[in-house]
Amino acid sequence: MRILLFILFIPVVVAAQPFTWRQEYNTIPVIIDGYELPAGWTTGYSSTSPALIDIDADSDLDLILGSSNLNITDWQNAGSVIQHQFIFSLDGIEGIEEQWWSRPEFWDMDADGDLDLFSAKGVHPHIKVFENIGTNFDPLFELVSDTLRDYLGNRIYCQRVAMIDLDNDGDKDLLCGEQNGAIYHYENIGDSSQYSFELITWTFESIQVSLMASPEFCDLDSDGDLDLFVGDNFGRIWYYRNDEVGGQYNYALVSDYWMGIDAGDECIPEFADMDDDGDYDLFLGKNLDFDFYPQGDVHFLRNIGTPHEPQFEWENLMTLTMDFGWAGDYKFCDVNHDSLIDLYDAYHLLAWLKNTGTLTTPQFELMTYDVPGVNTAAAAGNEFGDLDNDGDADMTENRAWWGAIFIYENIGDTLNPAFAQIDSIQPGMGTGGHALGDLDADGDLDMLVSFEVSSVEQHIRYYENQGTPERYDFVLVNDDYMGSDDSPTGPSLIDFDFDGDLDLMAATSWEGTIWYYENQGTPQIPNFVLVTEDLLNGAFSAPGFQHELYDIDNDGDVDVFLGMSDGGCLFFRNTTGDTSAVQPRLTLDPAHGIQFSIGPNPA
């Protein structure tokens, strides 16, 4: 007869050692399609809107990125006019505090020789106006109008903005791409030093794309006039050639699927000559993909044609950071048995990034976007573990919308990982994150499953493996493992303190922190005691992440990785006990990220 042991869990926070962490962005190389990302470890982006300008007057083009989920970010070009090399600037752009749904467009609105900013907002469409009160070399922006208005005082509705001198009168007019697929045209009836806009039409040139029009003007064929390229919600570009007559623009639709370009889900085009060869290359902003492919934050296509006959070649799906799209769920596992931990991300498919570095200095290189046999479109977390004692790692995946956890057998080899679904367990609707670990030291893997009992209550359920190492048999033995008064979600199991038993980490959906429970029992009979409700202790706090813990640099302590809801991954290096690594809080270091020195709150 099997005896079930119910352990008393103590929800009292006990005194903890002073953990210290340092967030790093580019110290672990990430290589995607042969290209090393400038900053592989940042949050992912959704609905990106790139602007290529020389923000610091050093004669090369920097990338200023608007998005729906973050502030406007600054990626400085540390390369040259012929070979760009973007570096993530932690300082951002001074004076711009622009949150959510930003679509930046830079132009000299007051004819003072420096670039000012119009930032269109995708939600409650309007334009914020920032004046550059600094210099070309050292810009400083000041918000001068929260809502741009026309000369009659009416709010200008605008989701995506383009500035162009349509009537050749020496000042720039305003074109606004809209959700309904049309383009609004406002003529500048002021002058180059003092703008004033008048609505001319809500249907510029009778243009109507499907939805979410994103206009971009460029003389791509070098005939002396500006053609029009409009991104749409399907990720495609509509090309309108300017057949100008007598100095009057005349836009004619040439293609509604120009060059077969497909950014996946939404497309915001931006042309710029990135290699100083006299023709325009192309960046594509994009939204989170609900399609499987292609993924990425900003796509880059190089023009390998001529100034008169462009020909584009896809060069980067990811230009700035590691971003596989919807809901980053990053896990470490040495599936190919080379003693180096690899990285996997279950986004819609399962991406495999092989560790081509060393035990102490890892480097991750993408092998495939799509490991065979896995479709995680409805998933909310995956785990690796040997469930059949055959020496390789199998996989479990929770399908929250299905109320199930799918079980996959590893049917691949060391060179080509592959999985096949063989089984599932059915916790029911409300299934959340889960963790695999041998909680009773009997040689097989048990399972903890987060379960939403109600909108305000989460339980962790314990499924004991009552089978064998060769054949699992998960049996629910406790549906409130941590106690109703202490109910975090998103469990993971790891020997955090290296004492030979499994400790418990759990994310909290309401606070956006990681709770750390130390196992003060034994490997056979765990006794989880809450040490802290914020493992990172102020370094990070936001809902909507998946956490993974691993000693990535083999230095004897556990580091933290957070898969973000928009597809990226944050990296926090554990510097506890390393006095040389402890820096004053929020000291900015562009090469290595924000430096944190943190300890626990007084117990």
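The numbers here are math on the coordinates, done by the rules we state, and not lab data. It should be emphasised that the depicted structure is a prediction, and the values quoted were computed from it without experimental measurement. No Cβ is skipped: glycine too gets one built from the backbone with ideal geometry, and neighbour counts run over all protein chains shown.
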Next on the checklist: Placing unit charges on C-beta atoms (Lys and Arg positive, Asp and Glu negative, everything else neutral), compute the dipole magnitude of the chain about its Cα centre in debye, rounded to 20.
Outcome noted: 1640 debye
Item to check | Normalised per residue, the volume of the convex hull around the Cα set of region 435-510 (Å³) | outcome: 89 Å³
Checklist outcome for this item: If T360, T532, T147 are placed from fewest to most neighbouring beta carbons inside 10 Å, the sequence is T360, T147, T532
Checklist entry - If one puts a single equal scatterer on every Cα of region 93-214 and applies the Debye formula without solvent, what log₁₀ I(q)/I(0) results at q = 0.15, 0.18 Å⁻¹? => result -0.65, -0.93
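If a/c stays under 1.5 just call it rounded; otherwise compare a/b with b/c (prolate if a/b is bigger, oblate if not). Do that for region 338-393, with a ≥ b ≥ c from the square roots of the Cα gyration tensor eigenvalues. All intermediate terms of the calculation are to be shown ahead of the outcome.
Details: a/c = 2.23, a/b = 1.27, b/c = 1.75.
The shape class here is oblate.
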Item to check | Residue (of T135, C333, C218) at the positive-pole extreme of the chain, dipole from beta-carbon charges | outcome: C333
Checklist entry - Order of Y257, Y186, Y550 from fewest to most other C-beta atoms within 10 Å? => result Y257, Y550, Y186
Checklist outcome for this item: Checked region 330-595 against the a/c 1.5 cut and the a/b vs b/c comparison, axes a ≥ b ≥ c from its Cα gyration tensor; verdict rounded
Checklist entry - Is region 38-316 best put as rounded, prolate or oblate by its Cα gyration tensor, with a ≥ b ≥ c the root eigenvalues, rounded for a/c under 1.5, and otherwise prolate when a/b is larger than b/c, oblate when not? => result rounded
Next on the checklist: Quick check: Cα centre of region 258-284 to Cα centre of region 389-461, how many Å?
Outcome noted: 41 Å
Item to check | Percent of alpha-carbon pairs separated by more than 34 Å within the chain | outcome: 47 percent
Next on the checklist: What whole-number distance in Å separates the alpha-carbon centres of region 503-562 and region 38-52?
Outcome noted: 27 Å
Item to check | Total charge dipole magnitude, region 330-595, about the Cα centre, Cβ charges on Lys, Arg, Asp, Glu only, Debye to nearest 20 | outcome: 960 debye
Next on the checklist: Just to confirm my understanding: which cysteines in the chain have no other cysteine beta carbon less than 4.7 Å from their beta carbon?
Outcome noted: C218, C267, C333, C569
Checklist outcome for this item: Ranked on Cβ counts within 10 Å of their own Cβ, fewest leading, F234, F496 go F234, F496
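Under a point-charge model restricted to the Cβ atoms of Lys and Arg (+1) and Asp and Glu (-1), what is the dipole moment magnitude of region 38-316 relative to its Cα centre, in debye to the nearest 20? Before the final figure, lay out each step's value.
Details: 11 positive and 57 negative charges, 262 e Å.
Using only the charged Cβ atoms, the result is roughly 1260 debye.
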Checklist entry - Could you name the lysines in cross-link range of K331, using Cα to Cα under 23 Å and dropping any fewer than eight places away on the same chain? => result K354
Item to check | Over the chain, relative contact order from alpha-carbon pairs under 8 Å, at least 6 apart, % | outcome: 14 percent
